[in-house]
Amino acid sequence: MVRPKYRRVLIKLSGEALAGDKGIGIDIPTVQKIAREIEEVHDTGVEIALVIGGGNLWRGEPAAEVGMDRVQADYTGMLGTVMNALVMADSLKQTGVDTRVQTAISMHQVAEPYVRGRALRHLEKGRIVIFAAGTGSPYFSTDTTAALRAAEIDAEAILMAKNGVDGVYNADPKKDPKAIKFEELTHVEVIHKGLKIMDSTAATLSMDNDIDLVVFNMNEHGNIKKVVLGENIGTTVSNKK
Ligand code: UDP
């Protein structure tokens, strides 16, 4: 069997990945499909942490734009990520993978609180850990959560699983047929070119902590595993080129 390229990774899924064709809400068959893919990756022996967004249920910023208090709106968004995490944990458990949800906002009845040491022990024991409720603070995103938790658990890479986009382009490939895909980029290039991989706080945090980003299309079966095994199917962002 091919050895995985990484020892420990953090997979970032947008909330929309869980919505399937509906675009909003949670589509259970879609979650089950993603869980089976992640289980295949888990079988390679790589340690996996997951951060799932909440955009399929709620986003704080647009709610604030139409008059809601931003902090309250962001807490609502963070709770949405917990719903996604609980549903994904259930699907992962049903595929036979031991999984734990840790939340940045305490809710002892439904999940463990985020405790770095405990998360590390779960990972070492081969459990998947889902980090939910974002950073626990408003004004941040789940991309920033992914960068922060990846740094805290010493993950070698963040796998940015995208819906239907197979990497980073110099223009929007859905609008511009001449858009060119980058195979490799540095964090500095991502920030200076304003490439929309993740928000700027998350990009800076990844750069400062030397965490690679791999941007790839998760809609093709087996792609997460290919990335973990070191196939160059998307765009890799690192501090060296
Ligand atoms: N959020 C937050 N702090 C965090 C992470 C998330 O306030 O640390 C809120 C914010 O309102 C955001 C929502 O949770 O709009 C959902 O997260 P995000 O937009 O990152 O989800 P994604 O786009 O990845 O689905």
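All of the numbers you see were taken from the coordinates with simple rules; none came from a lab. Everything numeric in this text was worked out from a predicted model, so none of it was measured. Virtual Cβ from ideal backbone geometry, glycine too; neighbours counted across all protein chains shown.
Based on what the data block shows, is Ala146 under 20 Å from Ala35 (Cα atoms) and under 14 Å from the mean Cα position of the chain (by Cα)?
So Ala146 passes the test.
Anything in region 141-161 that is within 7 Å of the ligand (Cβ to nearest atom) and touching a helix residue (DSSP H, G or I) at 6+ places or on another chain (Cβ under 7 Å)? List them, or say none. Reasoning before the result, please.
Initially, region 141-161 is screened for residues within 7 Å of the ligand (Cβ to nearest atom), giving 141-145.
Ser141, Thr142, Asp143, Thr144, listed by residue number.
Any idea which residue in region 25-76 is farthest from Gly230 (Cα to Cα), counting only those that are among the acidic types (Asp, Glu) and in contact (Cβ under 8 Å) with a residue 60 or more places away in the chain?
Among those residues, the one meeting the criterion is Asp74.
Is there any pair with a first residue in region 106-119 that is farther than 20 Å from Ile153 by Cβ and a second that is part of a helix (DSSP H, G or I) whose Cβ atoms are under 8 Å apart and which are 6 or more apart or on different chains, and what are they?
The qualifying pairs are Met107/Val82; Val110/Val82; Val110/Leu86.
Select, from Asp166, Asp172, Asp143, the only residue that is surrounded by 18 or more Cβ atoms within 10 Å (Cβ to Cβ) and closer than 27 Å to Pro62 by Cβ.
Unique residue meeting the criteria: Asp143.
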